[in-house]
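Visitor: Here it is, the structure, as structure tokens.
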Amino acid sequence: MKKTLIALSMIAAFSSASAANFVSFDVDQVKDTRNGANSTAQYFRAGKDIAGMNLGVQVRTAVFDKGGMLNSVEVTAGKDIVKGINSFVGVGYDNGFNGKVNGDFTYGLVGASTGMPVGPAWAFAGAKTRVNWDDNNPKQTVAFLGASLPLAKHASASVSMSRSYQDITEKAVGVGLRLSF
């Protein structure tokens, strides 16, 4: 709960201090494809476009059905280097399973995403991978796709799917709500 309050505080501070372009909340049902463990992951995200760059923060909390929790925070900066394709880099912090002593680690991120209108919806897809500077930390590449449908002028609902590869192998299906400013 303490981590969730910290995450919400970070998003509120980021949103008010930077006049964020969006804030979103997503919930995914996740299944580990290697060991069959199920979890529910909650994502809080906020983003801001500044001088042709898009800045973002993501806070993820996963609660496992059989007990246990993981938390991570990622901060990214991206830019459309090729029209319509956002390339980004970032850093992340993973608190480790149940905040285990010496189980936490930091990592880098690289990735790209794209999107396009499809009727009234916005379809999106992308991939990101961890860049570990310590070989003991788990490696992960995530591919994702989804669609967002406007509900009102500044609100939209989304559905998404993702698949993780390398040391962390998961598949997920989620729904979300996004508020734009």
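The values are calculated or read from the model by the stated rules, or taken from the named source; none is laboratory data. Fair warning: this is a prediction, and the values are worked out from it, not measured in the lab. As a convention, Cβ positions derive from the backbone with ideal geometry for all residues, glycine included, and neighbour counts pool all protein chains shown. These accessible areas exclude ligands, DNA and RNA; they are computed on the full protein's heavy atoms, side chains included. Shrake-Rupley method; radii C 1.70, N 1.55, O 1.52, S 1.80 Å.
Visitor: May I ask you to list the residues in the range 141-159 that are open to solvent by 30 Å² or more (accessible area, probe 1.4 Å) and not hydrophobic (A, V, I, L, M, F, W, C)?
Guide: Within the range 141-159, T141, P150, K153, H154 qualify.
Visitor: Given (1) without any contact (Cβ under 8 Å) to a residue 60 or more places away in the chain; (2) open to solvent by 40 Å² or more (accessible area, probe 1.4 Å); (3) of a type in the set (S, T, Y), identify the lone condition not met by S39.
Guide: (2)
Visitor: Name the residues in the range 137-157 that are in a loop (DSSP other than H, G, I, E, B) and within 18 Å of T169 (Cβ to Cβ), would you?
Guide: N137, P138, K139
Visitor: From A41, A20, grab the single residue that is modelled with pLDDT of 95 or more and not acidic (D, E).
Guide: A41
Visitor: Can you name every residue in the range 47-69 that is part of a strand (DSSP E or B) and surrounded by fewer than 19 Cβ atoms within 10 Å (Cβ to Cβ)?
Guide: Passing the criteria: K48, D49, I50, M53, N54, V63, F64, M69.
Visitor: Regarding the range 95-114, can at least one residue be identified that is touching a residue at least 24 places away in the same chain (Cβ under 8 Å), part of a loop (DSSP other than H, G, I, E, B) and more than 21 Å from F144 (Cβ to Cβ)?
Guide: Checked the range 95-114: at least one residue is touching a residue at least 24 places away in the same chain (Cβ under 8 Å), part of a loop (DSSP other than H, G, I, E, B) and more than 21 Å from F144 (Cβ to Cβ).
Visitor: Given the conditions (1) modelled with pLDDT of 95 or more; (2) crowded, with 17+ Cβ neighbours inside 10 Å, report the number of the one that Q29 does not fulfil.
Guide: Unmet condition: (2).
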